[in-house]
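Quick notes on the structure that follows.
The values are calculated or read from the model by the stated rules, or taken from the named source; none is laboratory data. Predicted model only: the values in this text are computed from it and were never measured. Surface areas here come from the heavy atoms of the whole protein model, side chains and all, with no ligands, DNA or RNA. Shrake-Rupley method; radii C 1.70, N 1.55, O 1.52, S 1.80 Å.
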Amino acid sequence: MQSELFLDKGISITQQIHELGDATIKEFPFAFNKRASDKYLTDLIDEISWQQDTLWIAGREIKVPRLQCWMGDRGSNYGYSGIRLEPKPWTDTILTIKERVESLTNEQFNSVLLNYYRDGQDSVSWHADDEKELGRHPIIASVSFGAHRKFQFRPKAKDDKRRFQMELRHGSVLVMGNTLQNKWLHQLPKISGLKESRINLTFRKIY
C-alpha cells in the first residue's frame, strides 16, 4: 500500500540522533514531503472521530486540553491517568502513514494514539509513556503534521537539572526509545497566540 505521495520530491530518510546521555532520540525531520503532510493534516482533521476525554483531579473533573482518538489492532486496549481506551479500527489513511513509519524505523506497531492540538492553548503536561501495557522499554514513533511546536524533556530524577528541547516539524517522525520513557519526562507546552493546528500520531506496541 505504497502511497504516491511518498514519491514526490522533498521526502527524505535523513536522520538526526539526539543523545541525552542515558537515552536516545532519533529524528527524521522530513519523513513526509510538504504535499503529503498538508493532505494528511486536512484528511485527519476531517476523517477521525475525535473526542475530548476528562480527568478527575482532586475531586474535580478536568477536560483534557486536546482532542484524541485511540486506534489499533483488536484487543490493544490502553489506559493512562485513569482514562481507559478501546481501539477504533484502522483507517486506510492511518495504515498508509503506519507503513511509512515502520519502513523508516524498522519497528512494528499495533496501535496509535492520535492527538489533535487545535491551537496553542491545547497541550500535554509532563509525563512519560511508561504504562505496563507498553513493555519494559517502550519504543514510540511520533509523527507530526501541522504547526511547529516545542517539545521539552526533563529527567524523572528531581535532583537532575538537565533539560532538552526540540522543535517538532511538519512531516517529521521522532523515535523515542533506548530507555527514554524509563528515565525522562516530556511535555508539549502551551504557546500564546498560536492559531494553527497540529496533529500528532504516536505509534506504539501494546503487549
Task: For the stretch 159-207, radius of gyration divided by Kirkwood radius, i.e. Rg to Rh on alpha-carbons - done: 0.99
Task: Vicinal HN-Hα couplings computed from phi for the stretch 148-154 (Karplus, 6.51 cos²θ - 1.76 cosθ + 1.60; Hz; Gly/Pro x) - done: 5, 9, 6, 10, 10, 10, 8
- [ ] Could you please state, rounded to a whole Å, how far the C-alpha centre of the stretch 104-118 is from the C-alpha centre of the stretch 134-189?
- [x] 14 Å
Open item on the list: Connecting C-alpha atoms closer than 10 Å in a GNM of the chain, tell me which of 13, 94, 139 has the biggest fluctuation.
Closed with: 13
Open item on the list: Taking just the alpha carbons, could you work out the radius of gyration and Dmax for the stretch 61-131, both in angstroms?
Closed with: 13.6, 41
- [ ] With the full set of protein chains in place, find how many percent of the accessible area of the stretch 111-207 is carbon and sulfur; take the probe as 1.4 Å.
- [x] 49 percent
Task: Accessible surface, the stretch 1-127, averaged per residue in Å² (probe 1.4 Å) - done: 54 Å²
Task: Amide H within-cut-off set for residue 156, under 5 Å, with H built and near neighbours excluded - done: 184, 185
Open item on the list: Give me Rg/Rg_expected for the chain, where Rg uses Cα atoms only and Rg_expected = 2.2 N^0.38 Å with N residues.
Closed with: 0.98
Open item on the list: Per DSSP helix of 4 or more residues, -39500 (n - 2.57); summed, then divided by the residues of the chain. What does that give at 222 nm, rounded to the nearest 500?
Closed with: -4500 deg cm²/dmol
Open item on the list: Using Cα springs under 10 Å in a Gaussian network model of the chain, which residue among 62, 17, 45 shows the largest mean-square fluctuation?
Closed with: 62
